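The structure appears right after this line, and notes come after that.
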Amino acid sequence: MRSTSGSVRLRALLAGALGLALLVEVNELSCLRHGALDWSRGAVFTLSERTVAALETLDRDVALTVLLSEGLEAVGLRRGELLRRLLDRYAAASPRIAVRFLDPDREPGAFAETVRRRAFVLGRAGAGEGSLEQGVLVEAGDRAAFRSLEELFPPVAEGDRSSSVPVAVEGELTAAILQVAAERRPVVCLTTGHGEWDLAGPEAEALWRAHLESEAYEIRSLDPAAGLDAEGCAALAIAGPSRAFLPHEAERLRERLEAGGRLLVLLDAPGEAPAEAAWGLGRLLERAGIEASRGAVRETDAARMFEPGVSSLVVGSAGDRFARTRGLAGQRVVLLQAAGLRPTGPASRVVPLVEAPASQRVEEWDGPPALALAAEIEGGGRLVVIGGSTVLFPPFAARGDTANLALVMEAVAWLVDRPAALPLPPVRAERVRLFLEPGTLGFLWWWLVVAMPAGAALAGFLVWRARRRGEG
Amino acid sequence: MRIFRALLRRELLAIWTSPTAWVVLGTFLLLSGIYFYEILWVLSRPAAPYGTPMATFFGGSLLSFVPLVLFVAAITMRSFAEEHHAGTLEPLLTAPVTANQVVAAKYAGAYLFYLALWVPTAVYPLLLWRHADPAWGPILAGYLGMALFGAALTALGVLASALARRQIVAAILAFGFGGGWLLAGLGGSLLPGGSTAGRVLRHVSPFEMMDRFRVGLVDSRDVVLCVSVAAAALLWTRVVLDLRRSS
C-alpha cells in the first residue's frame with residue numbers, strides 16, 4: 001500500500017514538473033515565432049507588404065531605439081503603446097531588427113549616453129541639457145537616422161472632431177531603415193548642361209533630393225564635359241531640361257536604353273517649338289513607344305480646374321494599370337504646363353502612370369493625353385516619362401493630398417529594381433470623442449449603475465425563492 | 001462524454017442556485033457599470049482627452065484587474081474546497097468517474113459562469129454605438145482577451161480550490177495566484193525594457209496582454225500564454241487530486 005502511494009506521489013511529482021517544463025517551453029517557443037491578427041480600425045498595427053518585403057531583404061542589423069517619456073502618455077492617443085505594438089511587428093518581420101524603448105525618466109544614464117553618442121543625428125550637436133525632441137532613433141553600424149514624434153504622428157488640426165487621427169509611423173520608419181541599412185545604395189545620376197535641375201539648388205530640387213536620400217539613394221550629377229557615360233548609375237534622370245540635347249547625346253541615351261539602361265525623364269511642354277527641337281529627345285521617346293505633345297495640356301472644364309482660371313494647371317489621377325503604383329490609383333497628381341503623352345507602341349509595353357480626365361486636351365491631339373507613361377523595351381531597358389518637372393514642385397508635391405512625390409519615388413524604385421520605395425501614406429488610428437448631453441448621461445447612469453445590477457439581484461432573488469419553495 | 005455532461009450539469013446547477021453566484025453577478029455588474037459610466041463621464045467632458053471607452057474598459061487601469069481577480073476567486077473557491085469541507089470529495093473521486101472528468105467539469109462550470117458575467121456588458125458598446133462610432137474589431141478582441149485571461153485565472157482558481165480544504169482559504173489562495181500574476185506584470189513595467197527579467201515579466205504581464213487585445217491585436221503569444229497557464233493549472237489540479245486520493 002505504501003509503495004502504491006509512493007508511486008502515485010512520484011508520478012504526480014513528475015507530472016507536475018513536466019507541466020511546468022511544458023509551460024515554460026511552449027511560451028518560449030511562442031515568443032520565437034509568433035503572429036497576430038489585427039482587428040484595429042485601419043489595421044494600424046499591420047505592416048504593408050512593401051515594408052515586409054523591404055525588411056526581408058535586410059542584410060545588416062538595425063537597432064530601433066524609441067526615445068519616449070511614457071509617463072506623459074497616460075491620456076489621449078497613447079503613442080508609446082502604438083509604437084510598441086507596431087515595432088513588435090517590425091521585429092517579428094525580420095531577425096535583423098532589434099527594438100528598444102528608452103524612457104529618459106527610467107533610464108537617465110542610458111538615455112544620456114545615447115544622446116551623447118548620436119548628438120548630431122538627434123539635433124543636439126553643441127546643445128546643452130535642454131529638452132530633447134522625442135522619437136525613434138534608427139541605427140545600423142555607423143549610420144543613423146532619427147524620426148521625431150511629430151513626423152511619426154502628424155498633428156491634427158485644432159477642432160478636428162473626426163474619429164481617427166493620422167499615423168505615419170510605418171512610412172517614416174521603413175524609409176529610415178532603408179536609409180541606414182542599404183549596403184549598396186543605388187546611384188541616380190542626373191544629367192546637366194541642358195538647363196536641368198541642380199539638386200543643390202532651389203526648394204523643388206531640394207525636396208526631391210531629400211526624399212531620394214531618405215530612401216537610401218545616392219545622387220550624382222553628371223559632368224556635361226564627361227558626356228553621358230554614366231558608369232555605376234542605376235538610373236539616369238533628365239529633370240526638366242530647358243535646352244535641347246545634341247543629336248549625339250540623344251543617340252547615346254537611346255543606345256543606353258536599348259542596352260538595358262533605365263531612364264527617368266521629366267519633360268515640360270515646350271510651347272511653340274516642336275517637341276524634338278525643344279528637347280532633342282524625340283527618337284529616344286519613339287524607341288520606347290512614346291510620343292510627347294508640343295503644346296501644354298489644358299483643362300477645359302472650369303469646375304475641374306485646380307485653381308480657377310488657370311487652365312494649364314491640371315489634375316490627373318494615378319492609374320491602376322501599372323502594378324507598382326496601383327496603391328496610388330485614383331489619387332491626384334498636379335502638374336503645371338504639362339506636356340501631353342501618348343503611347344505609340346504596344347499596350348503591353350507602354351503603361352499609363354497618370355491619366356488625364358476627358359476634359360483635358362492638348363491642341364494637336366484628339367482625346368485626353370496621358371500625363372505620365374512607363375515603358376519597358378526588349379532587352380530590359382526601362383523609361384518613365386512624366387509630362388512635367390513641376391510634378392516635384394513643393395506646392396504640389398509637399399501637399400498631403402497629392403500623389404506627386406509618391407509617384408516619382410515609386411517610378412525611380414521600379415527603374416532601379418527596388419522592392420519598395422513608395423512612401424507609405426499615413427494610416428488612420430481610432431480615437432473616439434464623446435459628445436453626451438447631461439440627459440443622456442443621466443439615462444446611461446440609470447441603465448448602467450441601477451437597472452442592470454438590480455436586474456441581476458432580482459433574478460437571484462427569484463431563483464432563491466424558487467429554490468426555497470422547492471425545498472419546502 | 002455523457003458522464004462529463006452529467007457532472008457539468010450538476011456543477012452548473014450548484015453554481016446558479018447558490019446565492020454567491022448572484023451576489024457575484026450583481027456586484028460585478030454594479031462595479032462594471034460604475035466604471036464604464038465614469039469612463040463615459042470623463043470622455044464626454046469638453047476638455048476630455050480623446051479615448052476609446054471600450055478600450056479603457058478592458059483593462060485600461062489596475063482598477064479593472066483587481067476586482068476581476070477577486071470575482072474569479074469567489075467563483076472558483078467552492079469548486080473542490082466545498083466538496084472537501086462537506087465530505088463529498090472522497091465519494092466523488094471514488095465514484096465511477098475519472099479525475100480528469102471531475103476536473104474538467106468543475107473547471108467548465110466555473111468558466112461558463114465567468115463568461116456569463118461578461119454577457120450583460122455586451123450592452124455597453126451598444127449604448128455607445130448611439131453616441132460614437134466605435135470600431136468593433138477592438139471591442140471583440142477585448143472580449144476575447146477577457147475570455148482568455150479568465151480561462152487562465154479560472155484554472156488557477158480551481159487549482160487553489162483543490163489545494164485548500166476551506167473555501168475562504170481557497171479564495172485567498174486564488175487571489176494570491178491572480179494577484180501574483182498582476183504583480184509580476186507591474187514589475188515588468190517598472191524594470192528597464194532591455195533587461196531579460198523585464199522582457200520575461202512583460203511577456204507574462206496581464207496589462208501588456210490586455211493592452212494588445214483592447215486595441216484590436218490578437219497576438220499568438222497571448223493566446224499561448226493563457227491557454228498554457230490554464231492547461232498547466234488543470235494538470236496540477238489533477239496531480240493534487242491524485243495525491244489526495246492516494247493519501
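The number of residues in segment A:255-269 that are under 14 Å from A:Val385 (Cβ atoms) and modelled with pLDDT under 90 comes to 3.
Residues that are assigned to a helix (DSSP H, G or I), surrounded by fewer than 22 Cβ atoms within 10 Å (Cβ to Cβ) and either in contact with a Pro (Cβ under 6 Å, 6 or more places away or on another chain) or within 13 Å of chain A (Cβ to nearest Cβ) (or both) do occur in segment B:60-70, at least one of them.
For segment A:325-367, the tally of residues that are basic (Lys, Arg) and buried (at least 19 other Cβ atoms within 10 Å of the Cβ) stands at 1.
Cβ-Cβ contacts under 8 Å between residues 6 or more apart (or on different chains), taken from a first residue in segment A:277-300 that is at positive phi to a second residue that is among the small types (Gly, Ala, Ser), are listed as A:Gly280/A:Ala244; A:Gly280/A:Ala250; A:Gly289/A:Gly345; A:Gly289/A:Ala375. Do you know which residues across segment B:201-215 are in contact (Cβ under 8 Å) with a residue 24 or more places away in the chain and part of a helix (DSSP H, G or I)? Hits for segment B:201-215 are B:Pro206, B:Phe207, B:Met209, B:Met210, B:Asp211, B:Arg212, B:Phe213, B:Arg214.
Report yes if some residue within segment A:369-385 is more than 27 Å from A:Asp417 (Cβ to Cβ), of a type outside the set (Val, Ile, Thr), more than 26 Å from the chain's Cα centre (by Cα) and in the same structural domain as A:Ala269 (by TED's automatic domain parsing); otherwise report no. Yes: segment A:369-385 contains one or more residues that are more than 27 Å from A:Asp417 (Cβ to Cβ), of a type outside the set (Val, Ile, Thr), more than 26 Å from the chain's Cα centre (by Cα) and in the same structural domain as A:Ala269 (by TED's automatic domain parsing). Selection of segment A:23-55 for residues being at pLDDT 85 or above, out of contact with any helix residue (DSSP H, G or I) (no Cβ under 7 Å at 6 or more places or on another chain) and not β-branched (Val, Ile, Thr) yields A:Glu25, A:Glu28, A:Leu29, A:Leu37, A:Asp38. Residues in segment A:92-114 that are away from chain B (no Cβ under 12 Å) and modelled with pLDDT of 85 or more: A:Ala93, A:Ser94, A:Pro95, A:Arg96, A:Ile97. Assess whether A:Ser69 counts as being among the small types (Gly, Ala, Ser) and outside the structural domain of A:Ala98 (by TED's automatic domain parsing). In short, no. Applying the criterion of being in a helix (DSSP H, G or I) and either at pLDDT 85 or above or of a type in the set (Ser, Thr, Tyr) (or both) to the residues of segment A:177-216, the residue that is surrounded by the most Cβ atoms within 10 Å (Cβ to Cβ) is A:Ile177. Candidates B:Ala232, B:Ala170: the one that is farther than 16 Å from B:Phe65 by Cα and at the interface with another protein chain (Cβ under 8 Å from one of its Cβ atoms) is B:Ala232. Which one of the conditions (1) in contact (Cβ under 8 Å) with a residue 24 or more places away in the chain; (2) more than 21 Å from the chain's Cα centre (by Cα) does A:Ala12 fail to meet, given that it meets all the rest? So A:Ala12 meets the others, but not (1). B:Leu186 fulfils the conditions (1) farther than 24 Å from B:Leu173 by Cα; (2) more than 9 Å from chain A (Cβ to nearest Cβ) except for a single criterion, (1). Does segment B:14-30 include one or more residues that are surrounded by 15 or more Cβ atoms within 10 Å (Cβ to Cβ) and more than 10 Å from chain A (Cβ to nearest Cβ)? Yes: one or more hits. Only a single criterion out of (1) facing chain A (nearest Cβ under 9 Å); (2) assigned to a helix (DSSP H, G or I) is not satisfied by B:Val218, namely (2). Does segment B:130-141 include one or more residues that are modelled with pLDDT of 95 or more, touching a Leu at 6+ places or on another chain (Cβ under 8 Å), at negative phi and surrounded by fewer than 23 Cβ atoms within 10 Å (Cβ to Cβ)? No, every residue in segment B:130-141 fails to be modelled with pLDDT of 95 or more, touching a Leu at 6+ places or on another chain (Cβ under 8 Å), at negative phi and surrounded by fewer than 23 Cβ atoms within 10 Å (Cβ to Cβ).
Screening the candidates A:Ala397, A:Ala406, A:Ala411 for the property of being assigned by TED's automatic domain parsing to the domain that holds A:Gly232, at pLDDT 85 or above, of a type in the set (A, V, I, L, M) and in contact with a strand residue (DSSP E or B) (Cβ under 9 Å, 6 or more places away or on another chain) yields one hit, A:Ala411. Scanning segment B:117-142 for residues that are within 11 Å of another protein chain (Cβ to nearest Cβ) and under 12 Å from the mean Cα position of the chain (by Cα) returns a single hit, B:Leu117.
When segment A:57-87 is examined, which residues are found to be modelled with pLDDT of 85 or more and surrounded by fewer than 19 Cβ atoms within 10 Å (Cβ to Cβ)? Scanning segment A:57-87 gives A:Arg60, A:Asp61, A:Ala63. Selection within segment B:92-109: residues that are touching an Asp or Glu at 6+ places or on another chain (Cβ under 7 Å) and closer than 13 Å to B:Arg9 by Cβ. The member of this set that is surrounded by the fewest Cβ atoms within 10 Å (Cβ to Cβ) is B:Ala105.
The values are calculated or read from the model by the stated rules, or taken from the named source; none is laboratory data. Source: prediction; values computed, not measured. Heads up, the Cβs are rebuilt from the backbone with ideal geometry, glycines too, and the neighbour counts pull from every protein chain shown.
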